[in-house]
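Peer 1: Can you keep this structure in mind? I'll have questions shortly.
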Amino acid sequence: MTSAAARTALDLTADLPVPDLEDFYRDLHRHPELSLQEHRTAAALTRRLRASGYETTEGVGGTGVVGVLHNGDGPTVLLRADMDALPVPEQTGLSYSSETDGVMHACGHDLHVTWLAGAAAALAAGRDTWTGTLVLVGQPAEETGAGAARMIGDGLHERFPRPDVLLGQHVAPGPAGLYAHSPGLIMSASTDIDIVVHGRGGHGSRPESTVDPVVTAAYIVTRLQTVVSREIAARDSAVLTVGRIEAGTRHNIIPSEARISLNLRTQSPAVRERMIAAVRRVAAGECAAAGCPSEPEVTVGNDFPVTVNDVETDRRIAAVHGEVFGAGTILDPGPAMGSEDFSRLAAGGLPYSFWFVTGTPADVWNAAPGGDDLMARLEAVPSNHSPHFAPDLSTVAPGVRTLVSGALASLSA
Ligand code: ZN
Ligand code: ZN
């Protein structure tokens, strides 16, 4: 027995203009824009929303786009796509590769925008099948963690109808055609930390007259490896990665400072606080041991919150996706260590569902080593942020259907 929402979704998306949506996607992929510079992308999305009958507003929180469609009494449903690209030189070899040097849609946000535009058109065309209000959001700057907060700060929920529920989706590695839902925690918090080690510079031949910050930084990086392994309980998930270490200019000069940049992934505030305290302690301890002339500077920078799906909402959306695509296509992979700023759009505790759509082309997936070991294959195929990340075009229509069916399951029939 199929629900009315699933039947209507299949109906409204039976004749999707797939070639047109693919053209739109390829155009966005050719023209990636970095965070808060998504002017062309925002304009392209706005044109599509306006053509579908939405009232559109640009420049929300910087380069954000909001499209509103009032359609009688009923719930207000917010659908969100992020729009920014990454400073990654593309190496996919695709015919529609980035035409902007050093910038690439390596996280698939071009696909998210395409899905949103496609769903906007289908839901507007089928407005006699539902009532309520749609708020469609093209969000800037997801990658830097700034975009959602900027839109909220710019009055997203005051200037536009306040949503009763929010829906968002992300393309992910995995054989194209699976829909990953976790009712509850689905993505982790992320915290950037910078450390500056102050030494005393001098000639490489006379280390006795210096305090070498390179050696001290090396000890810090090494000891930081024990934070997760020795200080965090096995039942908690956490990651600490040092992504950057920088010091010095020449072979024979001992520099006067070293810089370390690291990132934490955590799933609870308590673990996050404990790890930040450990990073401060390790940095201070190693600098004291080395005799540094001053304490290290430890700065907690950008952070992303955890993404925790509302259980009831996520189960409802997963159920309609199961009806639309078949129960075997829905899986619960549990929480990922990746992070998103989507949950900031749910400011004030609004319920939301955020899910993944797998997009690895079948030939790439089938060629990946690992046999029946799904996790081994997952590690072998290009992932988000890889210069080789290239979602399959076959996911264009399904990503529209996930949004349309999710919206219909949340609006009034
Ligand atoms: Zn990303
Ligand atoms: Zn992303």
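The values are calculated or read from the model by the stated rules, or taken from the named source; none is laboratory data. Fair warning: this is a prediction, and the values are worked out from it, not measured in the lab. Here the Cβ is made from the backbone with ideal geometry for all residues, glycine too, and neighbour counts use every protein chain on show. Surface accessibility is based on the protein's heavy atoms, side chains included, excluding ligands, DNA and RNA. Shrake-Rupley method; radii C 1.70, N 1.55, O 1.52, S 1.80 Å.
Peer 1: Would it be correct to say that Asp128 is charged (D, E, K, R), away from ligand 2 (no atom under 16 Å from the Cβ) and not in a strand (DSSP E or B)?
Peer 2: Judged against the criteria, Asp128 is a match.
Peer 1: Residues in the stretch 164-185: is at least one open to solvent by less than 30 Å² (accessible area, probe 1.4 Å), within 16 Å of ligand 2 (Cβ to nearest atom) and at positive phi?
Peer 2: There is at least one residue in the stretch 164-185 that is open to solvent by less than 30 Å² (accessible area, probe 1.4 Å), within 16 Å of ligand 2 (Cβ to nearest atom) and at positive phi.
Peer 1: For the stretch 238-279, enumerate the residues that are hydroxyl-bearing (Ser, Thr, Tyr), open to solvent by 50 Å² or more (accessible area, probe 1.4 Å) and within 25 Å of the chain's Cα centre (by Cα).
Peer 2: The one that is hydroxyl-bearing (Ser, Thr, Tyr), open to solvent by 50 Å² or more (accessible area, probe 1.4 Å) and within 25 Å of the chain's Cα centre (by Cα): Thr241.
Peer 1: Condition test on Thr114, is it more than 16 Å from ligand 1 (Cβ to nearest atom), in a loop (DSSP other than H, G, I, E, B) and among the β-branched types (Val, Ile, Thr)?
Peer 2: no
Peer 1: Quick test for you: out of Thr131, Thr63, Thr92, Thr76, pick the one residue that is within 17 Å of Tyr25 (Cβ to Cβ), modelled with pLDDT of 95 or more and either outside the structural domain of Asp314 (by TED's automatic domain parsing) or β-branched (Val, Ile, Thr) (or both).
Peer 2: Thr92
Peer 1: Same structure, new question: What are the pairs with Cβ atoms under 8 angstrom where one residue, in the stretch 228-240, is of a type in the set (Phe, Trp, Tyr) and the other, located anywhere, is at pLDDT below 95 and outside any loop (DSSP other than H, G, I, E, B)? Sequence gap at least six, or different chains.
Peer 2: No pair meets every condition.
Peer 1: Looking at (1) outside the structural domain of Leu166 (by TED's automatic domain parsing); (2) surrounded by fewer than 18 Cβ atoms within 10 Å (Cβ to Cβ), find the lone condition where Cys292 falls short.
Peer 2: (2)
Peer 1: Of the residues Glu297, Glu286, Glu323, only one is open to solvent by 60 Å² or more (accessible area, probe 1.4 Å), touching a residue at least 12 places away in the same chain (Cβ under 8 Å), at negative phi and touching a helix residue (DSSP H, G or I) at 6+ places or on another chain (Cβ under 7 Å); which?
Peer 2: Step by step, each of Glu297, Glu286, Glu323 is checked, and only Glu323 is open to solvent by 60 Å² or more (accessible area, probe 1.4 Å), touching a residue at least 12 places away in the same chain (Cβ under 8 Å), at negative phi and touching a helix residue (DSSP H, G or I) at 6+ places or on another chain (Cβ under 7 Å).
Peer 1: Could I ask something else about it? Quickly run through the stretch 343-387 and pick out the residues that are open to solvent by less than 50 Å² (accessible area, probe 1.4 Å) and among the charged types (D, E, K, R).
Peer 2: Within the stretch 343-387, just Arg377 meets the criteria.
Peer 1: Ok, one more. Scan (1) within 16 Å of ligand 2 (Cβ to nearest atom); (2) over 13 Å from the mean Cα position of the chain (by Cα); (3) on the phi > 0 side of the Ramachandran plot for the single condition Gly155 breaks and write down its number.
Peer 2: (1)
Peer 1: Any residue in the stretch 331-342 that is surrounded by 18 or more Cβ atoms within 10 Å (Cβ to Cβ), modelled with pLDDT of 95 or more and in a helix (DSSP H, G or I)?
Peer 2: There is at least one residue in the stretch 331-342 that is surrounded by 18 or more Cβ atoms within 10 Å (Cβ to Cβ), modelled with pLDDT of 95 or more and in a helix (DSSP H, G or I).
Peer 1: For the stretch 219-239: of the residues being part of a helix (DSSP H, G or I) and in contact with a strand residue (DSSP E or B) (Cβ under 8 Å, 6 or more places away or on another chain), which is nearest to Gln267 (Cα to Cα)?
Peer 2: Only one residue fits best here, namely Val228.
Peer 1: Would you point out which residue out of Gly147, Gly118, Gly138 is within 12 Å of ligand 2 (Cβ to nearest atom) and buried (at least 24 other Cβ atoms within 10 Å of the Cβ)?
Peer 2: Sole residue among the options that is within 12 Å of ligand 2 (Cβ to nearest atom) and buried (at least 24 other Cβ atoms within 10 Å of the Cβ): Gly147.
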